[in-house]
1. Being more than 23 Å from Pro203 (Cα to Cα), in contact with a helix residue (DSSP H, G or I) (Cβ under 8 Å, 6 or more places away or on another chain) and surrounded by 15 or more Cβ atoms within 10 Å (Cβ to Cβ) is the filter; apply it to the range 99-122 and report the residue that is modelled with the lowest pLDDT.
2. Name the pairs: first residue in the range 198-210 and outside any helix (DSSP H, G or I), second residue among the hydrophobic types (A, V, I, L, M, F, W, C), Cβ to Cβ under 7 Å, at least 6 apart or on different chains?
3. For residues in the range 27-42 being surrounded by 17 or more Cβ atoms within 10 Å (Cβ to Cβ), out of contact with any His (no Cβ under 8 Å at 6 or more places or on another chain) and within 19 Å of Ser244 (Cα to Cα), which is modelled with the highest pLDDT?
4. Condition check: under 29 Å from Ala207 (Cα atoms), of a type outside the set (Phe, Trp, Tyr), surrounded by fewer than 16 Cβ atoms within 10 Å (Cβ to Cβ) and at pLDDT 85 or above. Does Pro45 satisfy that?
5. Quick check on my filter: what residues within the range 125-157 are modelled with pLDDT of 85 or more and under 21 Å from the mean Cα position of the chain (by Cα)?
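The values are calculated or read from the model by the stated rules, or taken from the named source; none is laboratory data. None of these values were measured; they are calculated from a predicted model. So basically every Cβ, Gly included, is an ideal-geometry build from the backbone, and we count neighbours across all protein chains shown.
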Amino acid sequence: MDATTAPTTNATDLRLASTLAEIGNLGDGTLASLILRKQGVARGPAGAQTIYDDDFIHVLLWTGFHYRSLVERSLVKLQTIWGSTPMFQDLLKAAQDAGHPEATLQDVGAAISELDDALRRVLGTGRVQPPLDPDNPEAEEDAKAPTWEPLVVDGVTVKGSKVYVGTPTRSTPRAPAKGTVYIDGVKLGEKVLTPAANGHWCPRQKAKTVVKEILRSWLPVGLYARYRLGSENMLVAKVGAEASEHAKKGGVVIEPEAIRSLFKIAV
């Protein structure tokens, strides 16, 4: 890419920004096929941390649509299963089967109430992009200094993507470089190419937290994912028609439940 074709953008990777700019030209939502190493999580003392969950993957996303629509579908589905299934008992059994025999119906009730409230608060903010903390959608608005802004290419905002504009501190040593792009979307399918060297981090969680995670996984928002994209961790990015063929050739299996969650309010 030479100086005459380079886009004007707030991202540091011009080629990536140019590719993602196509998302804005493909209607309300499009496919993105990405081969990348996941960010992972760092655990342990400073200077001697171990990185977990940094699998090298090929993922197919549906991105560029309004997050609000997904939340609306999730709230409707939550209300539907609340009224048509033995929801409390099903969630209690799921939590106990997940290794939390201490879970109680009180935990279940609190989890349902908190998730219902979180979804409603997202709708109440009027936002169309997902919050950093899905259980606290106002957190970013309360921050003293912004850490994110929409990805802008040649003056046009790219839906489904954002740029990190914060500054790393001692408390956030693994924060990305300024200008790093993140992409949000519904994960339609994922193939692990190389598993994380240190495996996956299994945090100690309260029963209520586990119940909430299980319930979220039953809703369309449970399929939402965010990936960091940059020259240090990403190999390939394809969008639109190319993405579908790229994922197919790569052997990425599309999850039927993901498709149902996108195009049906409740199943």
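1. Here the residue is Val122.
2. Cβ pairs passing all conditions: Asn198/Ile51; Trp201/Val41.
3. Going through the qualifying residues, I end up with Leu36.
4. no
5. Glu149, Pro150, Leu151, Val152
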